[in-house]
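Undergrad: Let me begin by handing over the structure; questions about it come next.
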Amino acid sequence: EKGGFEHFMLKEIHEQPDSLRNAIRGRLDFNLGSSVLSGMGTSARDLAEIQRVVLLGCGTSLHAGLVGEYAFEDLADIHAEVQQAAEFRYRNPLISRSDLVVAISQSGETADTLAAVREANQKGAFVMGLCNVVGSTIARETGRGVYLHAGPEISVASTKAFTCQVAVLLMMALKLGRGRRFSRDEGMRLAQEIDAIPQLVERTIEQNDRIAALAERYAASEHAFFIGRGYLFPVALEGALKLKEISYIHAEGYHAAELKHGPIALLEEGTPIIALANDIPGKDKTLGNVEECRARGARILGVVTEGDKEAAEFMDDVIEVPACHPLVSTIPSAVALQLFAYHVARIRACEIDQPRNLAKSVTVE
Ligand code: M6R
């Protein structure tokens, strides 16, 4: 059932090119430079009336929402914000009929996300589900939305759901963007980039053995910091979550600019810093932060764009991801960090598919 892999997590990481193909198939319109997401179920006029997008989720789904926030703002010029679902449900959220609320949940059963959906429905928002499990409670209660088609995810640590969530959010933002400021040409270019995601992920997975070897150098650590900026900030959070949940290493994801506001005090000789330094806006600033960490003795593992020698020089170790659109680059980068977390946990002989204290689906609040 694990298809020859040692763990479901590794199997699911390797399934991502196919999962992504299934999530993307038939949903891109290359002529119009847009996407076809019939599940969004709104007329062009309704979509034009959306003034704000509120993305809700927990854990990894929350991190996908954070990437979505950038996508909606940058591609569609729509104010977007992400709220942790439990926070949303208990904070008297200000919601109106012109809000599009997107509930993101792999399982479609997470208690807090479900309660947030009910709250948003009650307040009259336009609520949509972004679920993987067909017929799940959140999918049913939202009534409309987009399925991931990622296939069953067994491992407690979410992998293929995350990358498919991001891909679908990019397609949603593309659709909304085309009704607004995003030109047909820009749309066509982005549609091509989205279409190429499965190959980008394939190329990243080809580095599995290299990443496994690198992981040996980090597996004995007690702490690790993941840093990134802009689109890669959510990837830093996701990388840290993955590492902590399966390897039990204390890992924190930080905005690279936040380091000097406190966490830098924790750096010692050899403290691992995993720096997301792909070639996207803000890279130079992140490299500056990497330099500050090196000066304090940290060991730097950089995720950089293929062939970017300048960035590689700042690092002790490097994982390369293919060059692509900055928003799209969140996906191969996340895959690289999934493999890193997996191998660190394997070396530490952890219960990878069933980490202590965790359940696949958190159905209690
Ligand atoms: O099924 P959901 O997407 O609603 O689950 C949300 C979180 O419980 C989930 O992503 C959790 O954080 C994972 N274990 C992370 O790998």
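The values are calculated or read from the model by the stated rules, or taken from the named source; none is laboratory data. Since the structure is predicted, the reported quantities are computational estimates derived from the model, not experimental observations. All Cβ positions, even for glycine, are placed from backbone atoms using ideal geometry, and neighbour counts span all protein chains on display. The protein model used for the area step is the full one, side chains on, heavy atoms only, and it has no ligands, DNA or RNA in it. Shrake-Rupley method; radii C 1.70, N 1.55, O 1.52, S 1.80 Å.
Undergrad: Just to make sure I understand: if all protein chains stay in place, what is the order of Asp279, Asp74 by accessible area at 1.4 Å, largest first?
TA: Working: Asp279 90, Asp74 65 Å².
The ranking, largest first, comes out as Asp279, Asp74.
Undergrad: Here's a follow-up. How many percent of the accessible area of segment 137-258 is carbon or sulfur, using a 1.4 Å probe? The partial results should precede the final answer.
TA: On the way: 2060 of 4360 Å².
Looking at segment 137-258 in its full context, I get 47 percent from C and S.
Undergrad: Let me ask something else about it. Exactly which trypsin sites (Lys or Arg not before Pro) in segment 287-361 are in a DSSP loop and have at most 10 other Cβ atoms within 10 Å?
TA: On the way: sites: Arg294, Arg296, Arg299, Lys309, Arg346, Arg348, Arg356, Lys360; in loops: Arg296, Arg348, Arg356, Lys360.
The qualifying sites are Arg356.
Undergrad: Given springs between every Cα pair under 10 Å in a Gaussian network model of the chain, which of Gln354, Gln192, Gln16 has the largest fluctuation?
TA: Looking only at Gln354, Gln192, Gln16, the largest GNM fluctuation is found for Gln192.
Undergrad: Let me ask something additional. Would you grab the residues whose amide H sits under 5 Å from the one on Gly302? Only those 5+ places off in sequence or on another chain, please, with H modelled 1.01 Å from N.
TA: Answer set, sorted by chain and number: Ala275, Asp316, Asp317, Val318, Ile319.
Undergrad: Hull surface divided by four, with the convex hull built on the Cα atoms of the chain: how many nm²? Before the final figure, lay out each step's value.
TA: Numbers: hull surface 67.8 nm².
If I average the Cα hull's projected area over directions, I get 17.0 nm².
Undergrad: Let me ask another. Segment 139-243: Rg/Rh from Cα coordinates, Kirkwood Rh?
TA: On the way: Rg = 17.2 Å, Rh = 16.7 Å.
My calculation of the ratio gives 1.03.
Undergrad: Let me ask something else about it. Viscosity 1.306 mPa s, temperature 10 °C: give me the Stokes-Einstein translational D for segment 243-365 in µm²/s, with Rh taken as the Kirkwood radius over C-alpha pairs.
TA: On the way: Rh = 15.7 Å.
For the chosen part, D equals 101 µm²/s.
Undergrad: Let me ask you something else. How many times 2.2 N^0.38 Å is the alpha carbon radius of gyration of segment 1-133?
TA: Working: Rg = 16.4 Å, N = 133, 2.2 N^0.38 = 14.1 Å.
Dividing the Cα radius of gyration by 2.2 N^0.38 Å gives 1.16.
Undergrad: Please list 3J(HN,Hα) in residue order for segment 331-336, calculated via the Karplus relation 6.51 cos²θ - 1.76 cosθ + 1.60 where θ = phi - 60°; whole Hz, with x for glycine and proline.
TA: These are the phi-based 3J(HN,Hα) values: 6, x, 5, 5, 5, 4 Hz.
Undergrad: Only residues of segment 228-248 count here: report those whose backbone N is under 16 Å from the spot 7 Å along Cα→Cβ of Val362, or say none.
TA: 237-246
Undergrad: In addition: Per residue, how big is the convex hull around the C-alpha atoms of segment 169-305? Give it to me in cubic angstrom, could you? Intermediate values should be presented prior to the final figure.
TA: On the way: hull volume 17.5 nm³, N = 137.
So the per-residue Cα hull volume is 128 Å³.
Undergrad: Convert each backbone phi in segment 299-313 into a coupling constant with the Karplus relation 6.51 cos²θ - 1.76 cosθ + 1.60 (shift: θ = phi - 60°), then list the ³J(HN,Hα) values in order as whole Hz, x for Gly and Pro.
TA: Once θ is set to phi - 60°, the couplings for segment 299-313 become 9, 10, 9, x, 9, 10, 6, 2, x, 7, 5, 4, 5, 4, 5 Hz.
Undergrad: For the chain, the longest stretch holding no chymotrypsin sites (Phe, Trp or Tyr not before Pro) located in a DSSP loop with at most 14 other Cβ atoms within 10 Å is which?
TA: Excluding the exposed sites themselves, the longest stretch runs over 31-365.
Undergrad: A further question on this structure: Please list 3J(HN,Hα) in residue order for segment 257-271, calculated via the Karplus relation 6.51 cos²θ - 1.76 cosθ + 1.60 where θ = phi - 60°; whole Hz, with x for glycine and proline.
TA: Ordered by residue, 3J(HN,Hα) equals 6, 7, 3, 7, 9, x, x, 4, 4, 8, 6, 10, 3, x, 4 Hz.
Undergrad: Same structure again: With equal scatterers on the alpha carbons only and no solvent term, can you work out the Debye log10 of I(q)/I(0) for segment 85-166 at 0.20 1/Å?
TA: -0.83
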